[in-house]
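Asker: My questions all concern the structure below.
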Amino acid sequence: MDYKDYYKTLGVDRKATADEIKQAFRKLARKYHPDINKEPGAEATFKDVNEANEVLSDPEKRKAYDELGSSFAQGQNFRPPPDWDHTRDFHQSAGRRAAPEDFSDFFEELFGQQRRQQAGGRAQPGAGGQSFRMRGEDAQARIIVPLRDSFTGAERQLSLRVPEVDGAGQVIQRDKTLNVKIPRGLVAGQVIRLKGQGGPGLGGAAAGDLYLEVEFAPDPLFRAEGKELYLDLPVAPWEAALGAQVRVPTPSGPIMLKVPPNSAPGRELRAKGRGIPAKEPGDLHVVLKIVLPAADTARARELYEQMARDLAFDPRAGLGG
Amino acid sequence: MVQDHDMDILDATTLMELDELCRACGVDSAWINEMMAHGVVEPQPGMRFSAVSIIRLRKARRLEQAFSLNTSGVALALDLLDEIERLRARLHQP
């Protein structure tokens, strides 16, 4: 597994004080929190920052981490030293509790609870040996699907770590892969509920459900707002001025669209029913972007000069003065 | 590998009871009441909630925990994030 340089992740010195670490973490967390920063990669950075803080903000974990020494480089191949005490019980920090899948293998190996639970922890039966039934907890996750899946329907694999009760009655964290059917017409902001895929029930009670928040992966062409889709369509000045039939890509294949004469930049044309194929399908909103050809040949300059001469056009007529 | 789940799609028209919403978000009803008092979610008549409340409340929970916010702070952050989303949409940026 790869060594993680937690000090480097937070951008602090190995001798940083607890306050300096807290400050560095808060600043980075605000910048990269995936609910705030929608750039690709922000979530991965946030997880690294969160993990670094989980260790460095806890005196016990920080001390243990520091004992590994400073001779490792970020990403260097790493094995815990033979004398690493795996039975040490590190506190789970109370406030900022991250889901177990948010931590790296490096973290899990050094500070994780999984191996300790497997080694010792045991789900306690009800007091006094009375049988005790309790429905399993619901679990939550996010699923990020390509927009196109909503047009074709698809099946996606989702890996997540879930609590399970093993043969000996112990609760363990287990990696589980789910095949999730993405139905046609799925819209971002909807929630997929998978019955019985949450935490295990106790005493024979039903398992909890798994709730998946649906998000679309950013698409290079289309923007979705609910079931409405938006596309910026580049057009030549003469197409906008004279009108044209242009070929427009849609997630379900290209269509021909009529650009009316005298279209201004930003004009929105609507391809009805070409948005997300929900029960009542959304529309595709095509927004015209007028692209100017460069005046980089003698002929192009000549044409621009002719327009300048022949058209009585003052683009700044509305500015007054 | 598990296949062929019992699956449903929940959207704004799906209504949930409070206890169902608590379980789905992994929170207790006192916490949801607190969020309601600050307008983070609004119940429909009969104390039922649109299923998209799950997403809003889970986001509220994440923000609360990540930045040690109080409920007013959570409500403000959510409103500002909504506003940013609207403005981004107007900029025609994905």
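Asker: Using 7 Å Cα-to-Cβ label points, what is the residue B:33/residue A:132 separation (nm, one decimal)?
Answerer: Spacing of the two 7 Å Cα→Cβ label points: 2.6 nm.
Asker: Here is a further query. Which whole-Hz ³J(HN,Hα) couplings does the stretch A:207-215 yield from phi under the Karplus relation 6.51 cos²θ - 1.76 cosθ + 1.60, θ = phi - 60°, glycine and proline marked x?
Answerer: These are the phi-based 3J(HN,Hα) values: 6, x, 9, 10, 9, 10, 7, 8, 10 Hz.
Asker: Taking the Cβ-Cβ separation of residue A:256 and residue A:159 as r and a Förster radius of 41 Å, what is the calculated FRET efficiency to the nearest 0.05? Present the calculation step by step, with values, prior to reporting the outcome.
Answerer: Numbers: r = 42 Å, r/R0 = 1.03.
Using R0 = 41 Å, I get an efficiency of 0.45.
Asker: So how much slack lies between residue A:68 and residue A:291, counting 0.36 nm per residue of separation and subtracting their Cα-Cα distance, in nm? Intermediate values should be presented prior to the final figure.
Answerer: On the way: separation 223, 0.36 × 223 = 80.28 nm, distance 5.86 nm.
Gain on extension, residue A:68 to residue A:291, equals 74.4 nm.
Asker: Evaluate the distance, in nm, between pseudo-label points positioned 7 Å from the Cα of residue A:238 and of residue B:80 along their respective Cα→Cβ axes.
Answerer: So the two model labels end up 5.1 nm from each other.
Asker: Then there's this: What list of ³J(HN,Hα) couplings, whole Hz, do you get for the stretch A:230-241 from phi and the Karplus terms 6.51, -1.76, 1.60, once you set θ to phi - 60° and write x for glycine and proline?
Answerer: My calculation for the stretch A:230-241 gives 10, 9, 7, 10, x, 10, 6, x, 6, 5, 5, 6 Hz in order.
Asker: Then there is this: Have a look at A:29, A:294, A:206 and tell me which one the Gaussian network model of chain A (Cα, springs below 10 Å) gives the largest fluctuation.
Answerer: Highest fluctuation of the listed residues: A:294.
Asker: Would you please give the residues with an amide H less than 5 Å from that of residue A:225, counting only those at least 5 places away or on a separate chain, with H modeled from the backbone geometry?
Answerer: Answer set, sorted by chain and number: A:230.
Asker: Restricting things to Cα coordinates, could you compute the convex hull volume per residue of chain B in Å³?
Answerer: Working: hull volume 15.3 nm³, N = 94.
Value for chain B: 162 Å³ per residue.
Asker: Still on this structure, please answer the following. Each label point is 7 Å from the Cα along the Cα-to-Cβ direction; what then is the distance between the points at residue A:142 and residue B:6, in nm?
Answerer: 2.9 nm
Asker: Taking every DSSP beta bridge that has both residues in chain A, what percent is antiparallel when rounded to the nearest 5? Working shown, then result.
Answerer: Values: 31 of 45 bridges.
Of the beta bridges lying entirely in chain A, close to 70 percent run antiparallel.
Asker: Quick one, what does Rg over Rh come out to for the stretch A:135-216 if you take C-alpha atoms and the Kirkwood Rh?
Answerer: Details: Rg = 14.2 Å, Rh = 13.5 Å.
Rg divided by Rh gives 1.05.
Asker: Where both partners of a DSSP beta bridge lie in the stretch A:189-321, what percent of those bridges are antiparallel, to the nearest 5? Display every interim value, and only then the final one.
Answerer: Numbers: 17 of 24 bridges.
About 70 percent, rounded to the nearest 5.
Asker: Taking amide H positions as placed in the peptide plane 1.01 Å from N, state which residues far from residue A:145 in sequence (5 or more) or on other chains have amide H under 5 Å from it.
Answerer: Amide H neighbours of residue A:145, under 5 Å, 5+ apart: A:215, A:216, A:217.
Asker: Rg and Dmax of the stretch A:222-310 over Cα atoms: what are they, in angstrom?
Answerer: 16.1, 54
Asker: Once R0 is set to 45 Å, what does the formula 1/(1 + (r/R0)^6) return for the Cβ-Cβ distance between residue A:179 and residue A:57, expressed as a FRET efficiency to the nearest 0.05?
Answerer: Values: r = 38 Å, r/R0 = 0.85.
E between residue A:179 and residue A:57, to the nearest 0.05, is 0.75.
Asker: On the first, second and third principal axes, largest extent first, how far apart are the outermost C-alpha atoms of chain A in Å?
Answerer: Dimensions of chain A along the principal axes of its Cα atoms: 94, 51, 38 Å.
Asker: Let me have the 222 nm mean residue ellipticity of the protein assembly as shown computed from DSSP H runs of 4+ only, each contributing -39500 (n - 2.57), with the sum over all residues rounded to the nearest 500. Before the final figure, lay out each step's value.
Answerer: Values: 13 runs with 132 residues, N = 415.
Value at 222 nm, helices only, nearest 500: -9500 deg cm²/dmol.
Asker: While we're looking at this one, here's another question. Between residue A:245 and residue A:1, what length comes free when the chain is fully extended (0.36 nm per residue of separation minus the Cα-Cα distance, one decimal in nm)? Intermediate results must be reported in sequence, preceding the final value.
Answerer: Details: separation 244, 0.36 × 244 = 87.84 nm, distance 5.68 nm.
Taking 0.36 nm per residue and subtracting the Cα distance, the gain is 82.2 nm.
Every number here is computed from the coordinates shown, using simple stated rules; none is lab data. Quick caveat, the model's predicted, so the values are computed rather than measured. Cβ coordinates were reconstructed from backbone atoms using ideal geometry, including for glycine residues, and neighbour counts include every protein chain displayed.
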